[in-house]
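No lab work stands behind these numbers, since they all come straight from the coordinates. Just so we're clear, the structure is a prediction, and the values are computed from it rather than from any experiment. Here the Cβ positions follow ideal geometry from the backbone for every residue, glycine too, while neighbour counts run over all protein chains shown.
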Amino acid sequence: MKYSLFTVSVPELTPEQALIRMKECGYDSVDWRVAAIPNDPDILKEEPSYWRNNRCTFDVETIDQKAEEIKALCHQYGLHINMLCTYLTCRDSEESIERCMKAAKKMDCARIRINAPSYDFKRTYGDLFDEAVEGFKKVEALAKKHGVKADFEMHMRTIVPSASAAFRLASRFDPAYIGVIYDTGNVVYEGFEEYQMALEILGPYLDLVHVKNARWVKKEMEGKEKFVPDWAPFADGYADFEKTFQALKKIGYDGVITFEDFSSAENPEEKIKNDICYIRGIVEALNQKKQD
C-alpha cells in the first residue's frame, strides 16, 4: 500500500511545509485541497482552520495555471500527486470540472474528487439520484476525454453515505472513469456497513480509502442533551482500523491510503507523524500475524 495525506487536515501549514514534513515521515504522495480561496480580509485574519482559512489549499479558479508549479514543488520533495480533492459536485459547471481535470493531467495525477449531491430534505432522494446520474454522465465524458478518473466520496448528509448507496450510483458508470472513496470516519457519522461487506459491495468502484476517526459524544443541542458525532484522534474513536485493513487485504486492495485527521489534540507536524506511525503499526502487526 501507498500512503498519502489530504492537506485539508493541516490548515496551519503552507504547501511546502506540509511536503517537507510528509517526506520526513515517509508518505508517498499528497492529496491537495482544491477550493475557492477566501478574499475576505476578516477571514484571512482568522486562525487557520480546516474549511475557512486553510493555508494548505490551491485555488480552484487558477489550479490549471499553477499545475506545472505544483508538480515541480512535489517533485522537489519526491512526492507524487495522488488526487486533486475539489469541492465540486457533479452538478457544477463542466468548465470548472474540466479545468481541474486538465490541471490533474498536467501534474500526472490520476484522479480528482467530484462529489454527489447533498441530501437537504427539500427534494426527494429519487429526484436527487436522477440528477446525480445525469451530472455524472457529463463527468464521465470529461474523464474519458482527459484520461483522468473522477471519484465521489462516501459522505454523511449526501445521497451516498453508505457503500450500498454509493454502489447504486457508481454502477451506472464505467469503473475506469468513475470511482468511490471509502472513508472510515464518515461512516461513523452515517452509513456504516460491516467493513468487509461494504468493500465487497463497492467491488471495482473502490478507488481510494480515506482514514480518519470519529466518535459519538453527548452535547447540548437546542437546549437538550443529545448524542452527536464528532471527530476523534486516530487511537481514540469508533473506527476499527484493524478490521478495516483486514477487510482491505481480504478483497486484495493494494492502492492508496489517504490520511485525513480533523482532531485537534496535536500540532499538525506531530499529527502527520503520529498518524502514519499508528496505521503502519496496525498493518505491520496484521502482516506478522499472517506470517505466523
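What residues have an amide H closer than 5 Å to that of residue 185, excluding those fewer than 5 places away on the same chain, when H is modeled at 1.01 Å from N in the peptide plane?
Long-range HN contacts for residue 185: 212.
Taking amide hydrogens as modeled 1.01 Å from N in the peptide plane, which residues meet the under 5 Å criterion relative to residue 239, leaving out close sequence neighbours?
The list, which skips near neighbours in sequence, is 214.
Looking at the calculated P(r) for the stretch 39-176, what percent of the C-alpha pair distances fall above 25 Å? Write out the running numbers ahead of the final one.
Numbers: 3289 of 9453 pairs.
Roughly 35 percent, once rounded to a whole number.
Consider the candidate values (1) 17.0; (2) 18.4; (3) 16.0; state which one is mean projected area of the Cα convex hull in nm² computed from the structure displayed.
(3)
Mind listing the phi-derived Karplus ³J(HN,Hα) values for the stretch 52-62, rounded to whole Hz, using 6.51, -1.76 and 1.60 with θ = phi - 60°, and x for any glycine or proline?
Result, rounded to whole Hz: 10, 9, 9, 6, 9, 9, 10, 6, 5, 7, 10.
Taking a quarter of the surface of the convex hull around the Cα atoms of the stretch 16-115, what do you get in nm²?
For the stretch 16-115, averaging the hull's shadow over all directions gives 6.7 nm².
Ratio of the stretch 133-219's C-alpha Rg to 2.2 N^0.38 Å, to two decimals? Present the calculation step by step, with values, prior to reporting the outcome.
On the way: Rg = 13.5 Å, N = 87, 2.2 N^0.38 = 12.0 Å.
Dividing the Cα radius of gyration by 2.2 N^0.38 Å gives 1.13.
For the stretch 68-73, in order, what is each residue's ³J(HN,Hα) by Karplus, 6.51 cos²θ - 1.76 cosθ + 1.60 with θ = phi - 60°, in whole Hz (x at glycine and Pro)?
The phi angles translate into 5, 5, 5, 4, 5, 5 Hz.
Highest first, please rank the peptides 209-222, 29-42 by the mean number of other Cβ atoms sitting within 10 Å of their residues. Numbers along the way, then the final one.
Details: 209-222: 15.9, 29-42: 17.4.
Packing order, densest peptide first, comes out as 29-42, 209-222.
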